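Derivation of every value follows stated rules applied to the coordinates shown; laboratory data play no part. Computed from a predicted model, the values in this text were never measured in an experiment. Every residue, glycine among them, receives a Cβ derived from its backbone with ideal geometry; neighbour counts consider all protein chains shown.
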Amino acid sequence: MRRVLPAWTATLTWKSACFIVVMCCSLAAVLGALVHVQVTRQTVATARDKALAKLHDASRAYEAGEALPPDSGLDPAGLPPELRALAVSGHRATLVADHRGEPLMWAAAPADGRALATAIDYGQSARTIRGLDNAIIGSSVLAICGTLLVGAFAVTRVTRRLHQTATVARRITGGDLDARVADPRTKDPSRHQDEVSTVAGALDTMAGTLQAKLLSEQRFTADVAHELRTPLTGLQAASELLPEGRPTQLVRERVRTMRQLTEDLLEISRLDSGSERVDTDLHQLARLARRVVRASGTDTEVVVVRDAHVETDRRRLERVLGNLVANAHKHGRGPVVVTVDGPVVTVRDHGDGYPDYLLAHGPQRFRSGGKGHGLGLTIAVGQAEAIGASLEFRGAEGGGALAVLTLPGASGG
């Protein structure tokens, strides 16, 4: 089973911190190793020179038959066997080895088949190297911590700006087209822009262009609907003067359809612009649902599982339920059932169910499976949002379409 890492490990701050730590540790290790090797080489070379100089003095004293310098002698105690073997074989050599717990630098040379050796104290040099190693480790830790703090501060400034840009993008996605990042770097041409400023400026430009385009479309829709109202009113009045008959009936039906379409377009335009005002009051949900069904003039069953009182705009709620009931009868098959269960109202038919595109993306204007204009459900969604309710479209268990309206602020009835 694949192990899932915590969510915070995917953040840019965490990744940047890990990168900084790895790079600092690698750099500190390389530099520390180089310094350690170089200083150790120099320290050993200095001690070797001293040991060989002392061995030279001991060799001269031995050849002259004089007393040997201190810590010198033939095959002295503590002389490493490998160094003695080299000296006996006719080579001069040096070696660092411990003797009685203390490090010594030994130097040996051949002397009549034996090893003439001398030693100098190497403890101070060893302590110097250990102190240097500790200093390297300590300074590396401090450098890593300092670099990590500075790097985290710098990265946090960048990620904070990225979070702000992402937040604005989510607000725009949610419909707030007035949201802007407003990065000060994008407003001052004299300041050089980094990548984050470029993204923020592009997002603000996109939001402004999108807002202008949507406002233009909303104005166009409203203007067209308003312009159609007057001739349609005259056309309806003229149709009333026609003699009764099948052609007159067809004309009147088409005029009514056009007037309803015009009113729907105006309502959608008002919903898109956000200019609608909500007038809330306390209403009994079951009574309101029964009134909607009676007004629809359809054979719709109302089932009350649990009644509730809701604080909402009665006109808008009736508009939502009325459109759902009308859509169920127009595009589905009976029986159509409206169920009230607390703050949740469902409208179900027993037809073929909602189209796949509607279940995936919600209602779309002027797309309704070949029948109607797709505006009824669009208006229902818009009016539901206006009163703070949520409207979901599902496939009913056992077949059919199911619309679920959930109202806020309900109390028991």
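Cβ neighbours within 10 Å, averaged per peptide: list 284-293, 314-323 in order, most packed at the top.
314-323, 284-293
Taking a ≥ b ≥ c as the square roots of the Cα gyration tensor eigenvalues, with a/c under 1.5 meaning rounded and otherwise prolate when a/b beats b/c, else oblate, which class fits segment 27-166?
It comes out prolate by the Cα gyration axes.
What are the lysines whose alpha-carbon lies under 17 Å from the alpha-carbon of LYS330, with same-chain residues fewer than 8 places away excluded?
Qualifying lysines at Cα under 17 Å: LYS371.
As an exercise, use a Förster radius of 56 Å and the Cβ-Cβ distance of THR209 and ILE137 to find the FRET efficiency, rounded to the nearest 0.05.
Efficiency at R0 = 56 Å is approximately 0.45.
Which of the three applies to segment 304-359, rounded, prolate or oblate, going by the alpha-carbon gyration tensor with a ≥ b ≥ c and a/c under 1.5 meaning rounded?
Verdict is prolate for segment 304-359.
Please tell me the relative contact order of segment 29-125 in percent, rounded to the nearest whole number, where contacts are Cα pairs under 8 Å and at least six residues apart.
Answer for segment 29-125 is 29 percent.
Please give every one of the lysines within straight-line cross-link reach of LYS187, meaning a C-alpha to C-alpha distance under 29 Å, and leave out same-chain neighbours fewer than 8 residues apart.
Straight-distance partners of LYS187: LYS213.
Would you mind classifying segment 1-95 by shape? Square roots of the alpha carbon gyration tensor eigenvalues, ordered a ≥ b ≥ c; an a/c under 1.5 is rounded, otherwise it is prolate if a/b is larger than b/c and oblate if not.
Prolate, since a/c reaches 1.5 and a/b exceeds b/c.
If each of THR128 and ASP194 carries a label point 7 Å out from its Cα toward its Cβ, how far apart are those two points in nm?
4.6
How far apart, in nm, are the 7 Å Cα→Cβ label points at VAL44 and ARG60?
With each label placed 7 Å out from Cα toward Cβ, I get 2.9 nm.
Quick one: Karplus J couplings for segment 401-406, per residue in order, coefficients 6.51, -1.76, 1.60, θ = phi - 60°, nearest Hz, x for Gly and Pro?
Computed from phi, the couplings for segment 401-406 are 10, 9, 9, 10, 10, 10 Hz.
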